[in-house]
Amino acid sequence: MRRVIGWTQAFGSVGGIMATAAYSLLVSYGSHLPAVFGGHDAWRYTLMSGVIPALPLIIIRPFLPESPAWQEKKSGRHV
């Protein structure tokens, strides 16, 4: 359990560093991107970049089976 918590905290920090790097790049090169709601504010692009990790999940989710516990609850045969 401690190992999982350690990995979670480590990758949380890595994510923060990556978000900072993305923001830095967007501040530098945001004017070359399409305008969002009439402006080139870097924070808008940074927030939109949060969709990138969700795309594989959106694609793969329909192919993942439900857990047996969820199927039991759904069918009404829970203990």
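The values are calculated or read from the model by the stated rules, or taken from the named source; none is laboratory data. Just so it is clear, the structure is predicted and the values come from calculations on it, not from any experiment. Every residue, glycine among them, receives a Cβ derived from its backbone with ideal geometry; neighbour counts consider all protein chains shown. These area figures cover heavy atoms from the full protein model, side chains too; ligands, DNA and RNA do not enter into them. Shrake-Rupley method; radii C 1.70, N 1.55, O 1.52, S 1.80 Å.
Take Gly6 and decide whether it is modelled with pLDDT of 80 or more and part of a helix (DSSP H, G or I). Yes. Among the residues that make up region 56-66, is at least one of them open to solvent by 80 Å² or more (accessible area, probe 1.4 Å) and at pLDDT below 85? No: zero hits. Scanning region 43-53 for residues that are without any contact (Cβ under 8 Å) to a residue 12 or more places away in the chain, part of a helix (DSSP H, G or I) and open to solvent by 90 Å² or more (accessible area, probe 1.4 Å) turns up just one, Leu47. Within region 15-42, count every residue that is touching a residue at least 12 places away in the same chain (Cβ under 8 Å) and open to solvent by 80 Å² or more (accessible area, probe 1.4 Å). Matching residues across region 15-42 total 2. Close Cβ contacts (under 8 Å, 6 or more residues apart or on different chains) running from residues in region 62-73 that are without any contact (Cβ under 8 Å) to a residue 60 or more places away in the chain to residues that are of a type outside the set (Val, Ile, Thr) and in a helix (DSSP H, G or I) comprise Glu66/Lys74.
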